[in-house]
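A short write-up of the structure that comes next.
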């Protein structure tokens, strides 16, 4: 490649309307309502000048132009009501409501390559035919009805809850999507309609003014994302293919968590917890075959999975302006049918840092993240992400109540490292392994203005 110039732009628009009434209205003591619309537009435009002459490597022979987009519209609303009353020896804080959100997503991709010597224009480049889409244009509708009662009696709080979820997915598999997938399974994309009822029960015992013991049981429901179900992509140059998963089912779980937490008057706090979750139809990405020299990946359901572990975090304020923070998380996941590890479970990770803040709105912090080597993968030939240590520095300033400036220097030591989630299914001897590495040292600045 002799020259490459890119112009990537993102625009995000959000309009929200909120209404709150703290006085009684009808049968409710309070009412909160909100509606929102958000639009995301992202464009990635790249122009590359390439040379293919072995005799003269500096001779420009091809001009490649790429125009990729991602557009998403989200419209939704929520109504939440509440009542407070006494009964059965408890003070009750009843909360109930409904949510509804529609998300429409599309990702068109176009690329051409012009031979500068002959003027011919190609639309099949590096094994891909353009224009294409990695997933079909998709609209999802998600709705929920929920009720929760916070029941307080002295040192004890019991919180039962119930939620009814509805999920509707409607894909539109056009020629651009079929061109990307290059597989007959692209014809099998299907809509999805699911309804699920999820109960939960939580309890807290305040041991004293500082410490509380808590526990929770929850039944979970997670519908597959639009790009999990129908993602289809073939790259013959790099030898892999991602297949649509038209029979992918929602994931359900039953989990318990028990922990101890505390908070002091100066803001210092900590939390220690252990958890155990059993999943049905666990959603996981996996290598499912090899066809025509292509390693095939696909999202799939694992019928029975167990994940358990522990988490701890804390912050100690040794000065009104200074604090040290730390957290760690360990999880062990296993497919109960095969006794194989779950690839999407991260290895043990530690985060520590120091933070400073001033009453004028200026803040600064330094954080160190250390991850152990990922020794547990479902394949003996898979790449095991090595351990790594990364240092990040960040500052922010609240200039006004509605204006915030953030800046940071990330991966200060320029560490070469991999997130284990990004290399699932990657072979240890893959020639493309370095393409999955995280960015080296980089800086970022952003400004947030709220009105």
A careful count of residues in the range 180-194 that are modelled with pLDDT under 85 and in a loop (DSSP other than H, G, I, E, B) gives 4
Working only within the range 284-324, note down all residues that are surrounded by 15 or more Cβ atoms within 10 Å (Cβ to Cβ) and part of a loop (DSSP other than H, G, I, E, B).
317
In the range 244-268, how many residues are assigned to a loop (DSSP other than H, G, I, E, B), under 30 Å from residue 318 (Cα atoms) and touching a residue at least 12 places away in the same chain (Cβ under 8 Å)?
4
Mind listing whichever residues of the range 328-343 are surrounded by 17 or more Cβ atoms within 10 Å (Cβ to Cβ) and in contact (Cβ under 8 Å) with a residue 24 or more places away in the chain?
331, 333, 334, 335, 341, 342, 343
Just to be sure, is residue 253 surrounded by 15 or more Cβ atoms within 10 Å (Cβ to Cβ) and farther than 30 Å from residue 362 by Cβ?
yes
Got a number for residues in the range 38-58 being closer than 21 Å to residue 74 by Cβ and either at pLDDT below 90 or out of contact with any strand residue (DSSP E or B) (no Cβ under 8 Å at 6 or more places or on another chain) (or both)?
0
Count of residues meeting criterion [part of a loop (DSSP other than H, G, I, E, B) and either in contact with a helix residue (DSSP H, G or I) (Cβ under 9 Å, 6 or more places away or on another chain) or modelled with pLDDT of 95 or more (or both)] in the range 343-375
9
Could you run through the range 385-408 and say how many residues are in a loop (DSSP other than H, G, I, E, B) and buried (at least 17 other Cβ atoms within 10 Å of the Cβ)?
1
Just wondering, is there one or more residues in the range 33-46 that are under 30 Å from residue 157 (Cβ atoms), surrounded by 14 or more Cβ atoms within 10 Å (Cβ to Cβ) and without any contact (Cβ under 8 Å) to a residue 60 or more places away in the chain?
yes
Among the residues of the range 421-440, is there at least one that is touching a residue at least 12 places away in the same chain (Cβ under 8 Å), in contact with a strand residue (DSSP E or B) (Cβ under 8 Å, 6 or more places away or on another chain) and over 30 Å from residue 289 (Cβ atoms)?
yes
Options 213, 201, 197; residue that is in contact with a strand residue (DSSP E or B) (Cβ under 7 Å, 6 or more places away or on another chain) and under 29 Å from residue 170 (Cα atoms)
197
State yes or no: is residue 155 modelled with pLDDT of 95 or more and closer than 30 Å to residue 96 by Cα?
yes
Kindly indicate whether residue 207 is touching a strand residue (DSSP E or B) at 6+ places or on another chain (Cβ under 7 Å), under 23 Å from residue 281 (Cα atoms) and surrounded by fewer than 19 Cβ atoms within 10 Å (Cβ to Cβ).
no
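The values are calculated or read from the model by the stated rules, or taken from the named source; none is laboratory data. Because the structure is a prediction, the values reported are computed rather than measured. For neighbour counting, all protein chains shown are included, and Cβ atoms are generated from backbone atoms with ideal geometry for every residue, glycine included.
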